[in-house]
Amino acid sequence: MMELFPRKQVIGFGFSLLLTAIALAVYFFDLSFTAGMTILLVTAFVQAAVQLVVFMHAGETGDKGSIYTNIYYSLAIALVTVFGTLLCMIWGYV
Amino acid sequence: MEFFERFAIPHPSAPIYASMVAIGLTVIAIVAGLTYFKKWGYLWREWLTTVDHKRIGIMYLISALLMLFRGGVDAIMMRSQTAIPENTLLDAQHYNEVFTTHGIVMIIFMAMPFIYALMNFVVPLQIGARDVAFPRLNALSFWLFFMGAMLFNISFVIGGSPDAGWTAYFPLAGNEFSTSVGTNYYALALQIAGLGTLMSGINFIVTILKMRAPGITLMKMPMFTWSALTANVIVVFAFPVLTVALIMMTMDRLFGTHFFATTNGGMDMLWANLFWVWGHPEVYILILPAFGVYSEVISTFARRNLYGYKSMVASMVGISFLSFLVWTHHFFTMGQGALTNSIFSVTTMAIAIPTGIKIFNWLFTMWKGKIEFTVPMLYAVGFIPIFTIGGVTGVMLAMASADYQYHNTMFLVAHFHYTIIPGVVFAMIAGLTYWWPKMFGFMLNERIGKWAFWFIAISFNVTFFPMFFTGLDGQARRMYTYSEATGFGPLNMLSFIGALGLAVGFALIAYNVYYSTRYASRNISADPWDARTLEWATQSPVPAYNFAITPQANSSEAFWDAKKKGHELFKGEVQKIHMPSNSGVPFIMSCIFFIWGFSFVFSLWIPAILATIGIFICMAQRSFERDPGYYISVKEIKETESKLRGA
Amino acid sequence: MKIDHSLPLEYGTDQNQLNILGFWIFLGAEIMLFGTLFASYFTLVDRTGSGPSGAEIFEITPVLIETIVLLTSSFVIGLGVHAMRIGRTKAMITFYAITLLLGLTFLGVEIYEFMHYVHIGAGLQVSAFTAILLTTLGTHGAHVTFGLVWGFFIILQVRKHGITPETANKSFIFSLYWHFLDVVWIFIFSFVYLKGMM
């Protein structure tokens with residue numbers, strides 16, 4: 001039975017629950033916007049990284065380079081799109 | 001009766017009725033012809049169900065040429081309407097429809113399939129692969145594109161054409177101001193074609209990353225393959241943006257949401273923003289493969305290896321990333337303030353740097369080369385100065401404060417035609433002429449081809465150069481007419497004359513295809529241009545399995561090395577070759593997508609639901625299907641090879 | 001068909017490796033898809049018109065249930081892939097089935113949540129904010145729904161054919177999809193709900 005529950009994945013799961021609990025702090029405590037957003041950004045991206053490495057086995061074959069390049073590239077462009085859009089649609093007008 | 005009224009054209013005219021009749025007659029003629037010559041089985045077995053990248057490439061090519069004709073007719077109509085002041089050939093509504101469909105057809109349904117035609121045909125051959133990574137998906141990509149194009153093109157005879165410009169800005173594209181179903185066609189047809197393109201993007205990235213023949217490292221890939229890789233990277237990351245934007249547009253128009261409305265919090269500017277987040281990278285999706293074609297053509301006909309290979313690659317990778325950082329320059333005048341505009345102004349100008357590097361590399365490749373002015377080379381050489389004018393005016397437009405003067409004038413129209421026509425259209429014709437013998441086993445006539453080049457190159461400048469002046473004088477784009485007092489008349493007449501010249505040039509190309517099909521010699525070698533890359537190392541026309549033995553490469557010009565430096569391309573014995581089997585599902589699924597799109601356009605919910613179910617059934621079929629493919633035996637390969645060599 | 005035994009079965013053939021890399025690149029496209037939805041969401045989040053704002057309609061309980069359920073399902077499908085790699089067909093099918101059941105639970109809560117929104121006057125057509133909220137959530141929900149059907153088909157195929165290079169490949173790719181949906185949900189949970197209730 002034990003061999004069906006590899007240590008690495010169980011720890012990963014525990015860690016992701018922990019991250020969720022930390023993120024919930026912004027709901028239960030009265031934090032400033034900056035503090036709250038910092039917590040959310042950190043927990044969300046760490047959580048995503050946990051999924052990527054522990055569960056999705058992103059780095060286990062020779063295609064590791066292609067896969068990580070692909071993910072970083074799309075993440076970079078997605079962030080550019082989000083912040084660029086905010087710049088053009090909201091922040092630019094203040 | 002009420003049910004059928006929705007399919008009527010809101011703004012009919014004699015030419016539209018004439019086209020209806022013409023379309024009807026053409027369809028009848030095609031059906032009758034296929035039946036009479038008993039070609040239905042052939043069509044189904046060899047084309048509709050094919051998964052061969054070469055045949056799919058040729059189908060893309062045929063679609064692109066048809067759409068070039070359609071978009072060209074639109075262009076001629078626009079130029080004739082504006083040839084003289086206060087002209088009444090077209091009314092305002094028709095003019096709106098014509099410039100809208102001209103833009104969409106030329107970008108999405110002409111240029112895109114044209115680059116995919118060349119990529120499909122050439123990329124697997126250049127890297128010595130048997131086919132693309134997912135041949136079946138490739139067929140689906142093509143058929144989705146095709147059905148999207150057909151859906152878009154029936155709009156002008158059923159329900160009315162889109163008329164809000166190819167950018168379809170809100171609130172103009174909302175229900176309030178675009179009351180016909182035209183803009184629904186826009187949303188659905190682009191959605192379907194866009195899905196196909198996204199799948200192609202994934203397919204080609206995987207093909208290029210994983211299926212290269214031994215010896216072809218990333219930095220030993222031919223330049224066209226590199227350009228295909230960078231372009232497809234842009235496709236994969238840009239097209240989802242269009243998907244989302246179109247979903248939101250569809251929901252605004254059909255389900256009464258307020259994404260881009262002017263009420264209840266909606267934000268019309270968001271459409272413009274999302275459209276260009278996709279739209280600007282789209283421009284580079286078109287231009288990068290064109291750069292790839294020029295690189296191949298120039299090094300072949302200058303008889304030199306490409307100058308600055310690494311910097312060429314670096315600049316294309318740079319362009320593919322920068323292309324996502326500049327979109328705001330399409331709406332500098334929307335009011336987002338000096339800081340935002342400055343940021344995007346700088347990134348825009350930055351793109352001129354890698355592009356400039358490429359231009360100089362081509363010039364250095366030709367420097368001291370033994371240049372042979374064949375038709376493809378003429379287009380490549382013609383491209384450099386004309387495109388540079390487009391690039392320089394682009395930098396002018398990139399200056400945000402100056403852009404307030406140029407915005408939405410004919411100056412802009414002249415600028416982007418100066419980039420797209422030499423950049424993309426010239427390249428596609430060059431590529432077509434260059435790879436034609438590989439596709440069809442005979443060459444296009446050089447003399448007619450040169451006449452066509454001179455007609456096109458000169459007429460192009462006659463058509464578009466005057467627009468720089470009228471634009472600076474204040475002639476706005478998309479206006480169906482102007483008064484005599486503006487003084488725009490003579491220059492617009494000049495543009496019209498140029499447009500006629502362009503028509504003659506393209507007609508000459510069509511005539512060349514006809515003439516060469518009839519008279520050109522079939523007795524040509526597999527390498528008629530004395531070229532450098534691997535696609536020329538196999539037979540013409542290319543057998544289904546591409547290469548009897550997988551080639552071994554040692555550089556980006558393995559075939560040249562084989563010819564001149566004694567490099568051995570084909571080592572080892574012929575072995576049986578695994579091939580993917582044909583499938584009718586991509587075609588059927590795309591037909592269902594067509595019905596799906598059509599039902600959404602007219603809000604016919606029951607067929608829409610049925611079509612959705614049909615699409616999912618096709619996907620389920622694919623999931624459960626076990627398709628082992630088939631093998632071509634050694635005997636068969638040897639027979640094919642000796643037959644092709646003998647011919 | 002050549003099978004390379006130095007790698008897990010799902011990578012065993014050339015076509016399998018192509019499929020997995022292709023799916024990763026598809027996920028890159030999906031990142032952009034959701035990135036665009038987030039860009040639109042952040043732009044429209046305060047544009048509530050005459051409708052309610054996020055803070056007025058979000059409730060922590062269903063959101064927490066959805067989050068825990070989806071996180072657990074992502075963990076369980078990870079176990080499923082592990083079971084597949086050590087050749088335990090039955091355990092694998094069980095884990096996959098639990099994953100789908102958790103997915104179904106998630107979907108049920110989300111449907112309840114949607115009905116609740118419509119009920120309290122935050123339907124799709126109310127404002128730009130409600131439209132982008134429901135579209136973003138709905139796009140994720142549609143992915144989950146699609147995944148449920150897809151996963152069910154895969155379970156059927158594993159039951160019928162056992163763990164072969166082909167079924168292993170399909171199952172692995174499905175697990176990538178499912179983990180990805182979990183990642184997307186983390187971002188929705190953080191930047192739609194928690195930020196909205198902050």
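Quote the charge dipole size of chain B about the Cα centre in Debye, to the nearest 20; the model charges only the Cβ of Lys and Arg (+1) and of Asp and Glu (-1).
About 2340 debye.
Count the net charge of all other residues whose Cβ sits under 13 Å from the Cβ of A:ILE67, scoring Lys and Arg as +1 and Asp and Glu as -1.
Net local charge, A:ILE67 excluded: 0.
Evaluate E = 1/(1 + (r/R0)^6) for B:ILE606 and A:LEU86, where r is the Cβ-Cβ distance and R0 equals 25 Å; express this FRET efficiency to the nearest 0.05.
0.05
Can you give me the orientation-averaged projected area of the convex hull built on the Cα atoms of the range A:1-56, in nm²?
The Cα convex hull of the range A:1-56, projected and averaged over all directions, gives 4.2 nm².
Step by step: find N for chain A, compute 2.2 N^0.38 Å, then divide the Cα radius of gyration by it. What's the final number? Write down the numbers at each step before the final one.
Numbers: Rg = 17.5 Å, N = 94, 2.2 N^0.38 = 12.4 Å.
Compactness ratio reported: 1.42.
At 0.36 nm per residue, minus the direct Cα-Cα distance, what do B:GLU568 and B:HIS11 gain on full extension? Give it in nm, one decimal, please.
Separation in residues times 0.36 nm, less the Cα-Cα distance, equals 194.0 nm.
Compute the distance from the alpha-carbon center of the range B:59-130 to that of the range B:447-501, in whole Å.
18 Å
Cut-off is 10 Å between beta-carbons; in what order do B:MET493, B:MET267, B:MET428 appear when sorted fewest neighbours first?
B:MET493, B:MET267, B:MET428
If R0 is 51 Å, what FRET efficiency do you get for B:THR88 and B:ALA338 from their C-beta distance, rounded to 0.05?
That pair, B:THR88 with B:ALA338, gives E of 0.70.
Can you tell me the orientation of helix B:14-36 relative to chain B, as the angle in degrees between its alpha-carbon axis and the longest Cα principal axis, to the nearest 10?
Once rounded, the angle reads 30 degrees.
Please give the calculated 222 nm ellipticity per residue for chain B, where each DSSP H segment of at least 4 residues contributes -39500 (n - 2.57) and the sum is spread over every residue; nearest 500 deg cm²/dmol?
Mean residue ellipticity at 222 nm (helix-derived): -22000 deg cm²/dmol.
Send over the Kirkwood Rh of the range C:62-176, from the inverse of the averaged 1/r over different Cα pairs, rounded to one decimal Å.
Result for the range C:62-176 stands at 15.2 Å.
Please report, in Å, the Rg and the Dmax of chain B, where both are computed over Cα atoms only.
24.6, 77
Taking the Cβ-Cβ separation of C:PHE153 and B:TRP367 as r and a Förster radius of 60 Å, what is the calculated FRET efficiency to the nearest 0.05?
Approximately 0.50, to the nearest 0.05.
Per residue, what volume in Å³ does the convex hull of the Cα atoms of the protein assembly as shown enclose?
Working: hull volume 160.2 nm³, N = 939.
Output value, Cα hull per residue: 171 Å³.
What nm distance separates the two modelled labels at A:SER32 and B:MET219, each placed 7 Å from Cα along Cα→Cβ?
That separation, rounded to one decimal, is 4.9 nm.
How high is the relative contact order of the range B:308-428, in percent, counting Cα pairs under 8 Å that sit 6 or more residues apart?
Computed over the range B:308-428, the figure is 30 percent.
If the viscosity is 1.306 mPa s and the temperature 10 °C, what translational diffusion coefficient in µm²/s does Stokes-Einstein give for the range B:1-287 when Rh comes from Kirkwood over Cα pairs?
Diffusion coefficient, whole number: 78 µm²/s.
222 nm [θ] for chain A, helices only, -39500 (n - 2.57) per DSSP H run of 4+, per residue, to 500?
-24500 deg cm²/dmol
Once both labels are modelled 7 Å past Cα along the beta-carbon direction, what's the A:ARG7-B:MET20 spacing in nm?
With each label placed 7 Å out from Cα toward Cβ, I get 7.7 nm.
Would you work out which of B:SER155, B:PHE170, B:ALA193 lies farthest towards the positive end of the dipole of the range B:1-287, given +1 charges on the beta-carbon of Lys and Arg and -1 on that of Asp and Glu, about the Cα centre?
Sorting the options by dipole projection puts first B:ALA193.
By what distance, in whole Å, do the Cα atoms of the range B:606-646 stretch along each of the three principal axes, largest value first?
If we take the Cα atoms of the range B:606-646, the spans are 58, 21, 7 Å.
Can you give me the Cα centroid spacing of the range B:565-619 and the range B:505-533 in angstrom?
Comparing the Cα centres of the range B:565-619 and the range B:505-533, I get a distance of 31 Å.
Could you check the simple spin-label distance between B:GLN621 and C:MET115, using points 7 Å along Cα→Cβ, in nm with one decimal?
3.6 nm
Could you size up the charge dipole of the protein assembly as shown around its Cα centre, putting +1 on the beta carbon of Lys and Arg and -1 on that of Asp and Glu, and report it in debye to the nearest 20?
The calculated dipole for the protein assembly as shown is roughly 3060 debye.
Using helices alone, what [θ] at 222 nm do you get for chain C, with -39,500 (n - 2.57) per DSSP H run of 4 or more residues, divided over all residues and rounded to the nearest 500?
That comes out to -27000 deg cm²/dmol.
Just rank B:ARG212, A:ARG7, fewest to most, by other beta-carbon atoms within 10 angstrom.
On the way: B:ARG212 19, A:ARG7 8.
Exposure proxy ranking, most exposed first: A:ARG7, B:ARG212.
Mind putting a number on the dipole of chain C about its Cα centre? Charges go on the C-beta only, +1 for Lys and Arg and -1 for Asp and Glu, and I need it in Debye to the nearest 20.
That gives a dipole near 580 debye.
Once you keep just the Cα pairs under 8 angstrom separated by 6 or more residues, what percentage relative contact order results for chain A?
The value is 22 percent.
What fraction of the Cα pairs in chain C, stated in percent, has a spacing above 24 angstrom?
In whole percent, the share of Cα-Cα pairs in chain C beyond 24 Å is 45.
For a quick check: sort B:LEU306, C:LEU33 by the number of other beta carbons within 10 angstrom, fewest at the front.
With the fewest neighbours first, B:LEU306, C:LEU33 line up as B:LEU306, C:LEU33.
How high is the relative contact order of the range B:283-357, given as a whole-number percent (alpha carbon pairs under 8 Å, six or more residues apart)?
33 percent
Read-outs throughout are calculated quantities, based only on the coordinates presented, and are distinct from any laboratory measurement. None of the values given here were measured: they were computed from a predicted structure. Positions of Cβ are backbone-derived with ideal geometry, glycine not excepted, and every protein chain shown enters the neighbour counts.
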